[in-house]
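**Student:** There's a structure below that I have some questions on.
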Amino acid sequence: MKKDEKKIWFLGLSSFFNDIGSEMIAPILPFFITALGGGGIAIGALSGLREGLASIVKLFSGWYSDRVGKRMPFVFLGYFTSIIFRFLLVLSNSWQTILTFMSLERFGKARDAPRDAIIAVSTERHGHGFGIQQMLDTSGAILGSILVLFLFWKFQLRFKTIILIAASLSIFSLAPLIFVKEPKTIPAKKSLFSGIKYINKELKYFIFVASIFTLANFGLYMFLLLRAKQITGSLITAIALGVLFNFIWAFFTIPFGNLSDIIGRKKVLIMGYALLFFVGLGFVYSSSLNYLIVLFILFGFVYAITQANQRALVSDLSGKMKATAFGFFQFVIGIVAIAGGVIAGFLWNISPEIMFIYIALIAALSTILLLFVKSS
């Protein structure tokens, strides 16, 4: 293993521990919200707000990281912020408070753009590098999902007790950061707007395409869990399907990252975008557990194909101000996620089937637009 690639593994380990806590909380959030009187729009708003409000911080943290030539202070502060607001979530007594704390918790995602910039300069095999980080991140999600499933099934713990345990486990995400040496970065003395203007038009077009895709893939996971509970009548079964989804995502992320290094990002991403179209259609007609198992597996492949490789393509197309490019990408995606979540929540209240038809149509449109991306 090359010396610089060790940074990717340590950053991945931080993501691993962070996602244990995150994924212990995420599967119970829609049910916690409904237990406190929130409906489909509240869940849709949370799906979007978790990424949307944090996106503003991602943009500024990415740009300022380039400007000062530092990465690690932003990474550490991001993880620390997430831990604090997870502890505060235990105090929630209304669905509005849940939305507030979980939105503020996502401001910890300010770590993402500087972290991704470190990964980008630590290896020339971007698909492989981002695949490692995503694999460890999602492996933590698997363990978190299994833990929350066990705590519900074996001990029947309350939502708040599980959240407290999750927040406590998240503290371990800070330890691996001690071993990540600050990379040498030349400060880029550009203003935020100059930095954004510096981004080339090929990358800007891809960000536009990815934002359209995000209208369909905005935080869809929560709605899939709700749909699974509707069909099976079991919260335990819904969470178990979430574990299956995360397992597929983690296991196949590195292989699809390696594949994109060989045949190109665009060809691999087209498969992922198109697959979401079939997942959306599948949920329109889902009516049994066996059907749900297949759909959750396919949704796991969507994430294994798209999540790391979208960031790898941003790295390929970005110039010297990589953190600014990642920040702008994550900013746009996050803002669009708010709209996508609200639209989906509104459609869900009308009919889940109508919402899934909308998901399928947007996925089809984004697949067509992706054909015109210029990429190796």
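Each reported figure results from applying straightforward, stated rules to the coordinates on display, with no laboratory input. What you are looking at is a predicted structure, and each value in this text was computed from that prediction instead of being measured. Positions of Cβ are generated from backbone atoms using ideal geometry, with glycine treated the same way; all protein chains shown enter the neighbour counts.
**Student:** Quick one: check the C-alpha center-to-center distance for region 284-344 versus region 157-186, whole angstrom.
**Tutor:** 23
**Student:** Something else about it: Would you work out which of VAL121, LEU77, TYR198 lies farthest towards the positive end of the dipole of region 68-202? Charges go on Cβ: Lys and Arg +1, Asp and Glu -1.
**Tutor:** It is TYR198, whose Cα lies furthest towards the positive end.
**Student:** Further question: Give the residue from GLN310, PHE296, GLY219 lying farthest towards the positive end of the charge dipole for region 185-321; charges sit on Cβ (+1 for Lys and Arg, -1 for Asp and Glu) and the dipole is referred to the Cα centre.
**Tutor:** GLN310
**Student:** Quick check on the exposure proxy: order PHE60, PHE328, PHE17 from fewest to most C-beta atoms within 10 angstrom.
**Tutor:** Starting with the residue having the fewest Cβ neighbours, the order is PHE60, PHE17, PHE328.
**Student:** Shifting gears a bit: Defining a contact as two alpha carbons under 8 Å apart and six or more residues distant in sequence, what relative contact order in percent does the chain show?
**Tutor:** Relative contact order of the chain: 32 percent.
**Student:** Still on this model: If each residue's Cβ is checked for other Cβ atoms within 10 Å, how do PHE74, PHE346 rank with the fewest at the top?
**Tutor:** Going from least to most buried by this count: PHE346, PHE74.
**Student:** Here's another thing I want to ask about it. At 20 angstrom or more along the helix axis (alpha-carbon based) and mean Kyte-Doolittle of 1.6 or higher, what helices does the chain contain? Whole DSSP H runs only.
**Tutor:** Correct list, ordered by number: 72-89, 235-263, 322-350, 352-370.
**Student:** Still on this structure, I have one more. Determine the shape class of region 4-62: with a ≥ b ≥ c the square roots of the Cα gyration tensor eigenvalues, call it rounded for a/c under 1.5, and otherwise prolate if a/b is greater than b/c, oblate otherwise.
**Tutor:** oblate
**Student:** Give the cross-link partners of LYS160 among the lysines, using a straight C-alpha distance below 22 Å as the criterion and excluding same-chain residues fewer than 8 apart.
**Tutor:** Those lysines meeting the cut-off are LYS229.
**Student:** Taking N as the number of residues in region 45-200, what is its alpha-carbon radius of gyration divided by 2.2 N^0.38 Å?
**Tutor:** My calculation over the Cα atoms of region 45-200 gives 1.17.
**Student:** Only Cα pairs within less than 10 Å get springs; with that Gaussian network setup on the chain, which residue of LYS229, LYS320, LYS197 has the largest fluctuation?
**Tutor:** Ranking LYS229, LYS320, LYS197 by mean-square fluctuation puts LYS197 first.
**Student:** Could you work out the per residue convex hull volume over the alpha carbons of the chain, in cubic angstrom?
**Tutor:** 116
**Student:** Still on this structure: Once a ≥ b ≥ c are taken as the square roots of the eigenvalues of the Cα gyration tensor of region 36-98, is the result rounded (a/c under 1.5), prolate (a/b larger than b/c) or oblate (a/b not larger than b/c)?
**Tutor:** Note, shape of region 36-98 comes out oblate.
**Student:** Let me have the relative contact order for region 14-99, percent, based on Cα pairs under 8 Å that are six or more residues apart.
**Tutor:** Rounded, it is 46 percent for region 14-99.
**Student:** Kindly state, to the nearest 0.05, the FRET efficiency for TRP153 paired with LYS267, given R0 = 25 Å and r defined as their beta-carbon distance.
**Tutor:** It comes to 0.05.
**Student:** If you place +1 on the Cβ of every Lys and Arg, -1 on the Cβ of every Asp and Glu, and leave all else neutral, what size is the dipole of the chain about its Cα centre, to the nearest 20 Debye?
**Tutor:** About 1000 debye.
**Student:** Sequence neighbours fewer than 8 away in the same chain don't count; with that in mind, list the aspartates and glutamates whose C-alpha is under 14 Å from LYS189.
**Tutor:** ASP66
**Student:** So between PHE80 and LYS6, what do we pick up on full extension, going 0.36 nm a residue minus the alpha carbon distance?
**Tutor:** Gain in length upon complete extension: 24.4 nm.
**Student:** Let me ask something else about it. Report, in debye and to the nearest 20, how large the dipole of region 58-139 comes out about its Cα centre when Lys and Arg carry +1 and Asp and Glu carry -1 on their Cβ.
**Tutor:** It comes to approximately 160 debye.
**Student:** If the limit is 30 Å between Cα atoms, which of LYS6/LYS109; LYS109/LYS181; LYS184/LYS204; LYS58/LYS267; LYS181/LYS374; LYS181/LYS267 go over it?
**Tutor:** LYS181/LYS374; LYS181/LYS267
**Student:** What value, in deg cm²/dmol to 500, does the helix sum -39500 (n - 2.57) over DSSP H runs of n ≥ 4 give at 222 nm once divided by the residues of the chain?
**Tutor:** Rounded to the nearest 500, the figure is -27000 deg cm²/dmol.
**Student:** What order do you get for TRP153, TRP9, TRP95, TRP249 when you list them from fewest to most C-beta neighbours inside 10 Å?
**Tutor:** Fewest to most other Cβ atoms nearby, the residues stand as TRP153, TRP9, TRP95, TRP249.
**Student:** Then there is this: Roughly how big is region 220-376's charge dipole about its Cα centre, with Cβ charges of +1 (Lys, Arg) and -1 (Asp, Glu), in debye to the nearest 20?
**Tutor:** For region 220-376, the charge dipole is close to 340 debye.
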